[in-house]
Amino acid sequence: MLADATVKNNEYILADELPILVKTALFTIEFYQNHLGQIKGSYCPMYPSCSEYGKIAITKYGYVGILKTFDRLHRCSHDLENYEVIIFDDEVRYLDEPN
């Protein structure tokens, strides 16, 4: 479930204080990670994975983070030569951190 608190601007924000759209987006991602992702398995070539990217971006940027997540989902696995290559868990991944 949603964490009890999240960090924004170096301050903790209680989950109760998050806007409903942000809570819904985080819940959807956590549901995917905990249920659908377990069935489907992970084959995302990016690091962090798209769902983890979404959690980070939404927690850090709120509504703008939702847009960043949609952008990331659109870019996933495209133009991989534009990303830094890293080795993560003995697999080649492409670094794209939310910023």
Quick one: what are the phi-derived ³J(HN,Hα) couplings along the range 25-34, Karplus 6.51/-1.76/1.60 with θ = phi - 60°, whole Hz, x for glycine and proline?
4, 5, 4, 4, 5, 5, 5, 4, 4, 7
Derived scalar couplings ³J(HN,Hα) [the range 52-62; Karplus, 6.51 cos²θ - 1.76 cosθ + 1.60; whole Hz; x for Gly, Pro]
5, 4, x, 4, 5, 5, 5, 5, 7, 10, x
Using 7 Å Cα-to-Cβ label points, what is the L21/E84 separation (nm, one decimal)?
3.2
Let me confirm the definition first: pairs of Lys residues in the range 5-95, 8 or more apart or on different chains, C-alpha distance under 13 Å. How many are there?
6
Residues whose modelled amide H sits under 5 Å from the amide H of M46, counting only those 5 or more places away in sequence or on another chain, are Y94
Just subtract the alpha-carbon distance of S77 and E91 from 0.36 nm times their residue separation and send over the number in nm, one decimal.
3.5 nm
Which chymotrypsin sites (Phe, Trp or Tyr not before Pro) in the range 18-91 sit in a loop by DSSP (not H, G, I, E or B) and have at most 16 other Cβ atoms within 10 Å of their own Cβ?
Y43, Y83
Quick shape check on the range 5-95: root eigenvalues a ≥ b ≥ c of the Cα gyration tensor, a/c under 1.5 is rounded, otherwise prolate if a/b tops b/c, else oblate, and it reads prolate
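Every number in this text was worked out from the coordinates using simple rules, so none of it is lab data. Values in this document were obtained by computation on a predicted structure and should not be read as measured data. Heads up, the Cβs are rebuilt from the backbone with ideal geometry, glycines too, and the neighbour counts pull from every protein chain shown.
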